[in-house]
Amino acid sequence: MRWAKKFDSRIVERKFKRELNKQGYFFTAKGAPNYLVSYEKDNLCLKTSVSKKPIQIKRNSIRKAISFMMFKRTAVRKEMDVYTNFSSALFGILFHIFRNNSKLQKLKYGEFRLSLVGTIFFASGLERSPSIIKVLKNLGGMRVLFNYKSILESPNALMMLEKYDLFCIVDSGAYSLFNEKKKKSKIQQQELFEENLMNDFTIEGYAKFINENMDNKRILGFLPLDVVGNAYETRSNYNKLKSLVPEATVYPVWQFTDSLKELETLVQEEHELICIGGLVPFISNRKPFIRKVLDKVFTKFPEQPFHALGIGDELLLEYGFFSSDSTAYLNAQKYKKGRKIYLNNGMRVPAPDKMSTEEIISQNLRFLLGLEERKTTTQLAFDF
């Protein structure tokens, strides 16, 4: 795939070669030893604990798998099948290479999921902003979250994915509908949608769009129509949508006001990514409540990859989310009080007067994109 060229997997694979030549073996995720027979120009020859004769894996296949892992940042053994017939050994190689900066989640039937540490950031709100997309690209960013509602209003949005070499998660636009309803009715943040905003027609329209675009290599997955503050309707809408798009990658959303039992059900279904929604309305004045819930979530499910919907602040550092999306980095172009930049701890402070709006956005994007390689809460270098 085109994104493979963005990661110099040759450097990583050559380091693995040096380590293996020195040590002579490595352990798989299940703890089984694989012994080096020979590391040749084009092939790696191994003797596994179960093979009667040595197996061979092409070095080019190892490099492709490394690139895949460095981009996707989470994988299970079966995803290695496209690279070699010896997918267990190849998955073991990835486990060895990334053993110091990854989480290993044990799944059913002895399977594992390997997920890299660090928070992937999907830049939201750019469906009509090619100028900011160029800023994102100049900083090495390649992931965006596009809103289905905005895509309908701007049909050329999806064309920008190919034009600017981007990869995308498509959001349903449910939160935009929530905000519109809130403004029109002047309701409180915790109140819910009216039923007609989340009816089957809306879901069926979104499902039609997903079925038409699910094979787009630029689209990594889709988010369902979650209902802010309503866990039951969120689950119901996800189930309806999945029944209409059974082959598509749809990431489930767990409303953080829902029970841990419901979250456990999702975890047991072994989704590669579970989104946590409903956080944004509580960000401004109820963060202690958010932390109380997230403490329980990350204590109970420390290896599960979670996506923080709409979050771009210190919570990402405190809890080590697998990924997030936010438009917070764009606030400087929206209103005067939004002229803020990130500190190393994820907090935001007023930007120096001399900084232009584009410089503020660029600095904020640099911080958020840097979370992907941030393995701990150690301070990052930050230039004003």
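The values are calculated or read from the model by the stated rules, or taken from the named source; none is laboratory data. As the structure is a computational prediction, the values presented were derived from the model and not from experiment. Cβ: placed from backbone, ideal geometry, glycine included. Neighbour counts: every protein chain shown. Ligands, DNA and RNA are stripped out before the accessible areas are found, and what is left, the full protein with its side chains, is counted by its heavy atoms. Shrake-Rupley method; radii C 1.70, N 1.55, O 1.52, S 1.80 Å.
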Given the conditions (1) surrounded by fewer than 18 Cβ atoms within 10 Å (Cβ to Cβ); (2) modelled with pLDDT of 95 or more; (3) not in a strand (DSSP E or B), report the number of the one that TYR35 does not fulfil.
(3)
Regarding region 251-260, can at least one residue be identified that is under 20 Å from VAL280 (Cβ atoms), open to solvent by less than 10 Å² (accessible area, probe 1.4 Å) and part of a loop (DSSP other than H, G, I, E, B)?
yes
For region 109-150, name all the residues that are closer than 27 Å to GLU303 by Cβ and out of contact with any helix residue (DSSP H, G or I) (no Cβ under 8 Å at 6 or more places or on another chain).
TYR109, GLY110, ARG113, SER115, VAL117, PHE122, SER124, ARG143, LEU145
Condition broken by ILE66, with the remaining ones in (1) part of a loop (DSSP other than H, G, I, E, B); (2) in contact with a Ser or Thr (Cβ under 6 Å, 6 or more places away or on another chain) satisfied:
(1)
Please tell me if SER51 is modelled with pLDDT under 95 and open to solvent by 50 Å² or more (accessible area, probe 1.4 Å).
no
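Tell me, which residue of region 155-206 that is modelled with pLDDT of 80 or more and surrounded by fewer than 16 Cβ atoms within 10 Å (Cβ to Cβ) is farthest from VAL250 (Cα to Cα)?
Just the residues of region 155-206 that are modelled with pLDDT of 80 or more, to begin with: 156-173, 202-206.
Subsequent filtering for residues that are surrounded by fewer than 16 Cβ atoms within 10 Å (Cβ to Cβ) retains 156, 159, 162-163, 165, 204-205.
On the way: ASN156: 23, MET159: 21, GLU162: 21, LYS163: 25, ASP165: 22, GLU204: 14, GLY205: 15 Å.
Result: LYS163.
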Quick one: in region 108-164, of everything that is part of a loop (DSSP other than H, G, I, E, B) and within 15 Å of the chain's Cα centre (by Cα), which residue is nearest to ALA308 (Cα to Cα)?
THR119
Of residues in region 350-370 being out of contact with any Leu (no Cβ under 7 Å at 6 or more places or on another chain) and of a type in the set (D, E, K, R), the one most open to solvent (accessible area, probe 1.4 Å):
LYS354
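Does GLU272 satisfy the condition of being without any contact (Cβ under 8 Å) to a residue 40 or more places away in the chain and not in a helix (DSSP H, G or I)? Can you show your working first?
Details: without any contact (Cβ under 8 Å) to a residue 40 or more places away in the chain: no; not in a helix (DSSP H, G or I): yes.
Judged against the criteria, GLU272 is not a match.
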Every residue from region 121-154 that is buried (at least 21 other Cβ atoms within 10 Å of the Cβ) and farther than 12 Å from CYS168 by Cα:
LEU136
So which of GLU247, GLU264, GLU212 is assigned to a loop (DSSP other than H, G, I, E, B) and either open to solvent by 60 Å² or more (accessible area, probe 1.4 Å) or modelled with pLDDT of 95 or more (or both)?
GLU247
